[in-house]
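Below is one structure, written out as structure tokens; the observations come after it.
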Number of protein chains: 2
Amino acid sequence: MKPINVGLLGIGTVGGGTFTVLKRNAEEITRRAGRPICITVVADKNLELARKVTGGDARLTDDAFAVVSDPEIDIVVELIGGCGVARELVLQAIENGKHVVTANKALLAMHGNEIFVAAQKKGVMVAFEAAVAGGIPIIKALREGLTANRIEWLAGIINGTTNFILSEMRDKGLSFADALQDAQALGYAEADPTFDVEGVDAAHKATIMSAIAFGIPMQFDKAYVEGISKLDAVDIRYAEQLGYRIKLLGIARRREQGVELRVHPTLIPERRLIANVEGAMNAVLVQGDAVGATLYYGKGAGAEPTGSAVIADLVDVTRLHTSDPEHRVPHLAFQPNQVRDVPVLSIDEVITSYYLRMRVEDKPGVLADITRILADSSISIEALIQKEAAAGESDTDIIMLTHRTVERNANAAIAKIEVLESVQGKVTKLRVESLS
Amino acid sequence: MKPINVGLLGIGTVGGGTFTVLKRNAEEITRRAGRPICITVVADKNLELARKVTGGDARLTDDAFAVVSDPEIDIVVELIGGCGVARELVLQAIENGKHVVTANKALLAMHGNEIFVAAQKKGVMVAFEAAVAGGIPIIKALREGLTANRIEWLAGIINGTTNFILSEMRDKGLSFADALQDAQALGYAEADPTFDVEGVDAAHKATIMSAIAFGIPMQFDKAYVEGISKLDAVDIRYAEQLGYRIKLLGIARRREQGVELRVHPTLIPERRLIANVEGAMNAVLVQGDAVGATLYYGKGAGAEPTGSAVIADLVDVTRLHTSDPEHRVPHLAFQPNQVRDVPVLSIDEVITSYYLRMRVEDKPGVLADITRILADSSISIEALIQKEAAAGESDTDIIMLTHRTVERNANAAIAKIEVLESVQGKVTKLRVESLS
């Protein structure tokens, strides 16, 4: 059968992994797809790198725009990243009637709505399994595996860099700065780690998952994003004493009034499977009304794991590229005319439990003042640790876990606590999810 | 758009769950599928039950054969179970050009080859997500999510009854018989639990997964099947001392000479995520050459979780039922002419590590005799516990973990150990998998 011709844009880490795996497993992949999938042309600014990786098995060019208008090409794989030239290339490829496979989460989270409308108009597919959680087929699970369900919420460890750093902080008692250095030395964090450690990358992925889980548009600009750079090692230890682990979670939850969409360090009970996902691994927990909780675990980054997801999309598109669009899985899981404009709630409206740590004078009555404020705000306490002051010190830590309340209410109570004379400085607040 | 008409055969637990979820989430499912999916007719011997569950929302009949020849019906959902009438109904439905969705693992493991040939000839789909691991979309992950990979092995906790019993034995120190009684009282085990506890159900599921993972036919009759009914609680405790949990695993592994396909109680390192899957939950770990290890976790049984998988198949079939067969995902993941007749290796040929427990006289030289026999068979010892004899007893236990060796070799060494005068009775042998 006639091969399907792929134009690959960008032969960096993921591009290289995709090329290598497609070549190594060509026979097995053809046995599955029913026809050969060939990377016919590779575009990269670095032609020398491209030559090295492809070993002469593909045409090379440094002009990606020539690829997206090449009549020979059936599918364009965009692995350039970012929202500049990548956006233009993807839109031009669609305009030229090409199917697109991309791993570009930033592009989809920020320009997905525009891209899917364009694809819909042209009757082409835009596949993006590789954009979320690397090699884990989570997009397929959400979009096709769980179609029976009203998805209630999902929560994912979807950034390997931060999970590696948090694992190091807990295992070795390191500060954030030291753990970040380790991560950089081992290649788990970039020289400028901002996108990862500040939660932006996780928010892109959570945004994409929220859209296909709930049938809503991409609303990245409404997501609440808080990273781990301000996380204090002491809170990891206190959390452990309370039976919790701290993970950077991307959370999307359906509520009556809208959708919660947020990324932040989160305490989760240590007995949950997802609490035990360590190092650079990823995992996504999905709660459906029929299926209950399901969990998907694997490598969330890296050349071959991400290449695995790119190729799975290539096989899907190969199977469906000549079929009527109505036979295809809709981009956002729901039919295009069935996507609903549900608002993302502001972080003030989020309902969750809280971990609070405060530095107080170690004297009678302090705890009574604090718990009175919480009681007046109808915030119940689930657990509390009051440390004895260390020898020679007059201050000590109080740590508490609250029951669920709306964030605005928690913040108001915290503001009142912070003005108590016996309370030193700011209250540290972390969110807690039982994930049950 | 014109609804798709479904004929449901069997309105027991899974049939009821399917009906309930499809009705409850009708709006959301239609938003995904692009057209309504209606259970038009329900066939069950128990018309009263059918009436109660459907509440008048479907035609009822006690004649399932009328449903599979009803020209109005597009898809037949077979939830009767077993290999008798269910096989006839499925084959007749295919013969009549209907697509089939089934949760019947025994039928597929034993008659799948015949059924898929028939379906291929008629150009209809047979979907079976619900046949393995209930609500976990593991068939979809293996067949579509991991198409880039050469699957190296998979190992699954794919029987909730036995996992519940093993969890109870470990948590509460119960014997198998007592834990089985608990499971029966709680509805996790049937009155006749043979199929579950003897590993037959898990072997059906492992057979199906092996076929789609490796592109081979169903070869259930070649599977090695060993259940948990002879498992001694003492081995669970010793395994724990060595840092292992015992789980009933269904394992399929690709080897040079063929495929290992086996179900048996297995020691796995307690730090593995899958070792911490407790109660009636299921999980499948898949090792692909590109993606590495991925894990899929969720409820493996029950009305709504299994119904969730049935409906996911209904949505898939609805999307694809008017498309050319070449656009569809092949039944066994690989194109029909690309399925290869790879032999299943006999259990003698399996390569794994072993846990050995033996009762010996507590006197000098015994251990030397035993380790000499193992050394002569080139079996290395990875860990060893030798208990001191209890007060007043002259016998004691030796427990050891070996390195990997071929099972025939292990058995030969064990036979030699058993004839030693200082060794009492039989050696208990359990298999160990590092799953790394």
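What follows draws every value from the coordinates through simple rules; no lab data is involved. Bear in mind that the values here come from a model prediction, so they are computed numbers and not experimental data. No Cβ is skipped: glycine too gets one built from the backbone with ideal geometry, and neighbour counts run over all protein chains shown.
Counting helices only, and only those DSSP H runs with n ≥ 4, report the 222 nm mean residue ellipticity of chain B as the sum of -39,500 (n - 2.57) divided by its residues, in deg cm²/dmol to the nearest 500. Present the calculation step by step, with values, prior to reporting the outcome.
Numbers: 14 runs with 154 residues, N = 436.
Roughly -10500 deg cm²/dmol at 222 nm, from the helical runs in chain B.
Shortest first and in nm with one decimal, please list how far the A:Arg340 label point sits from its counterparts in the other copies (point 7 Å along Cα→Cβ).
Ordered by distance, the counterparts are at 4.9 nm.
When a footprinting reagent is the concern and you count Cβ atoms within 10 Å, what order do A:His111, A:His99, B:His264 take, fewest first?
In order of increasing Cβ crowding within 10 Å: A:His111, B:His264, A:His99.
Can you compute the FRET efficiency between B:Gln184 and B:Lys429 using 1/(1 + (r/R0)^6), with r the Cβ-Cβ distance and R0 = 25 Å? Round to the nearest 0.05. The partial results should precede the final answer.
On the way: r = 28 Å, r/R0 = 1.14.
Computed FRET efficiency for B:Gln184 and B:Lys429: 0.30.
Return the loop-located trypsin sites (Lys or Arg not before Pro) in the range B:213-244 (DSSP other than H, G, I, E, B) with at most 15 other Cβ atoms within 10 Å of their own Cβ; answer none if there are none. Each step should come with its number before you reach the end.
On the way: sites: B:Lys222, B:Lys230, B:Arg237; in loops: B:Lys230.
Passing sites in the range B:213-244 are B:Lys230.
Pick from A:Asn46, A:Asn113, A:Asn159 the residue whose mean-square fluctuation is largest in a GNM of chain A, springs joining Cα atoms under 10 Å.
A:Asn46
Give the average, rounded to an integer, of partner chain Cβ atoms located within 10 angstrom of each Cβ in B:21-28.
4
Listing B:Glu304, B:Glu256 from the residue with the fewest other Cβ atoms within 10 Å to the one with the most, what is the order?
Numbers: B:Glu304 25, B:Glu256 4.
Fewest to most other Cβ atoms nearby, the residues stand as B:Glu256, B:Glu304.
For B:Ala389, what charge total do you get from the other residues with a beta carbon under 11 Å from its beta carbon, if Lys and Arg give +1 and Asp and Glu give -1? Please report the intermediate quantities before stating the final value.
Working: positive: B:Arg359, B:Lys363, B:Lys387; negative: B:Glu361, B:Asp362, B:Glu388, B:Glu393, B:Asp395, B:Asp397.
Within the 11 Å Cβ shell, the charges total -3.
Which whole-number percent is the relative contact order of the range A:108-177 (Cα, under 8 Å, 6+ apart)?
Across the range A:108-177, relative contact order equals 15 percent.
For B:Gly243, place a label point 7 Å out from Cα along the Cα→Cβ vector, do the same in each other copy, and report the separations in nm, one decimal, smallest first.
2.7
Convex hull over the alpha-carbon atoms of the range B:138-299: what's its volume per residue in Å³? Intermediate values should be presented prior to the final figure.
On the way: hull volume 18.2 nm³, N = 162.
In the range B:138-299, the Cα convex hull volume per residue is 112 Å³.
About its Cα centre, how strong a charge dipole does the range A:205-338 have in debye, to the nearest 20, once Lys and Arg get +1 and Asp and Glu get -1 at the Cβ? Could the numbers behind the result be given before it?
Details: 15 positive and 15 negative charges, 52 e Å.
For the range A:205-338, the charge dipole is close to 240 debye.
Once you've got the Cα coordinates, tell me which of B:Lys105/B:Lys299; A:Lys230/A:Lys429; A:Lys363/A:Lys387; A:Lys205/A:Lys299; A:Lys299/B:Lys205 are over 20 Å apart.
Working: B:Lys105/B:Lys299 16 Å; A:Lys230/A:Lys429 11 Å; A:Lys363/A:Lys387 12 Å; A:Lys205/A:Lys299 15 Å; A:Lys299/B:Lys205 25 Å.
From B:Lys105/B:Lys299; A:Lys230/A:Lys429; A:Lys363/A:Lys387; A:Lys205/A:Lys299; A:Lys299/B:Lys205, over 20 Å: A:Lys299/B:Lys205.
Note down the net charge around A:Asp44, summing +1 for each Lys or Arg and -1 for each Asp or Glu among other residues with Cβ under 14 Å from its Cβ. Walk me through the numbers on the way to the answer.
Details: positive: A:Lys45, A:Arg51, A:Lys52, A:Arg59; negative: A:Glu48, A:Asp62, A:Asp63, A:Glu78.
Local charge sum for A:Asp44: 0.
I need the phi-derived Karplus couplings for the range B:205-212: 6.51 cos²θ - 1.76 cosθ + 1.60, θ = phi - 60°, integer Hz, Gly and Pro marked x.
5, 5, 4, 4, 5, 4, 4, 7
When Cβ neighbours within 10 Å are restricted to other protein chains, what is their mean count per residue of peptide A:245-255? Show your work: numbers first, answer last.
Numbers: counts 0, 0, 0, 0, 0, 0, 0, 0, 0, 0, 0.
Taking all residues of A:245-255 together, the mean is 0.
For the range B:368-432 and the range A:70-119, what is the separation of their C-alpha centers, rounded to whole Å?
Measuring centre to centre over Cα atoms gives 62 Å.
On a C-alpha basis, how far is the centre of the range A:1-61 from the centre of the range A:251-304 in Å? Whole number, if you could?
33 Å
Which distances in nm, rounded to one decimal and ordered from shortest, link the label point of A:Lys387 to the equivalent label points in the other identical copies, with labels set 7 Å from Cα toward Cβ?
Listed shortest first, these distances are 4.4 nm.
Rounded if a/c is under 1.5, else prolate if a/b beats b/c, else oblate: with a ≥ b ≥ c from the C-alpha gyration tensor eigenvalues square-rooted, which is the protein assembly as shown? Write out the running numbers ahead of the final one.
Numbers: a/c = 1.33, a/b = 1.00, b/c = 1.33.
Rounded.
Could you point to the residue in B:Ala141, B:Gly298, B:Val263 farthest towards the positive end of the range B:138-299's charge dipole, with +1 and -1 charges on the Cβ of Lys/Arg and Asp/Glu respectively?
Value: B:Ala141.
With chain A rotated onto chain B, spot the residue of A whose Cβ lies nearest the axis and note the distance in whole Å.
Here the nearest residue and distance are A:Ser323, 2.
Within the range A:1-47, list the trypsin sites (Lys or Arg not before Pro) lying in a DSSP loop whose Cβ has at most 16 other Cβ atoms in a 10 Å radius. Before the final figure, lay out the partial values.
Working: sites: A:Lys23, A:Arg24, A:Arg31, A:Arg32, A:Lys45; in loops: A:Lys45.
Passing sites in the range A:1-47 are A:Lys45.
Compare A:Val259, A:Val85, A:Val350 in a GNM of chain A, Cα atoms joined below 10 Å, and give the one with the largest fluctuation.
Result: A:Val85 has the largest fluctuation of those listed.
Hey, in the GNM for chain B with a 10 angstrom Cα cutoff, which one of B:Glu270, B:Glu361, B:Glu240 fluctuates hardest?
Top of the fluctuation ranking is B:Glu361.
What's the magnitude of the charge dipole for the range A:352-432 around its Cα centre, counting Lys and Arg as +1 and Asp and Glu as -1 at the beta-carbon? Answer in Debye, nearest 20.
Details: 11 positive and 12 negative charges, 85 e Å.
The dipole magnitude comes to about 400 debye.
If you place +1 on the Cβ of every Lys and Arg, -1 on the Cβ of every Asp and Glu, and leave all else neutral, what size is the dipole of chain B about its Cα centre, to the nearest 20 Debye? Please list the in-between numbers first.
Values: 47 positive and 57 negative charges, 225 e Å.
For this selection, approximately 1080 debye.
Tell me whether the range B:169-257 comes out rounded, prolate or oblate; compute the Cα gyration tensor, take square roots of the eigenvalues as a ≥ b ≥ c, and use a/c under 1.5 as the rounded threshold.
Oblate, since a/c reaches 1.5 and b/c is not below a/b.
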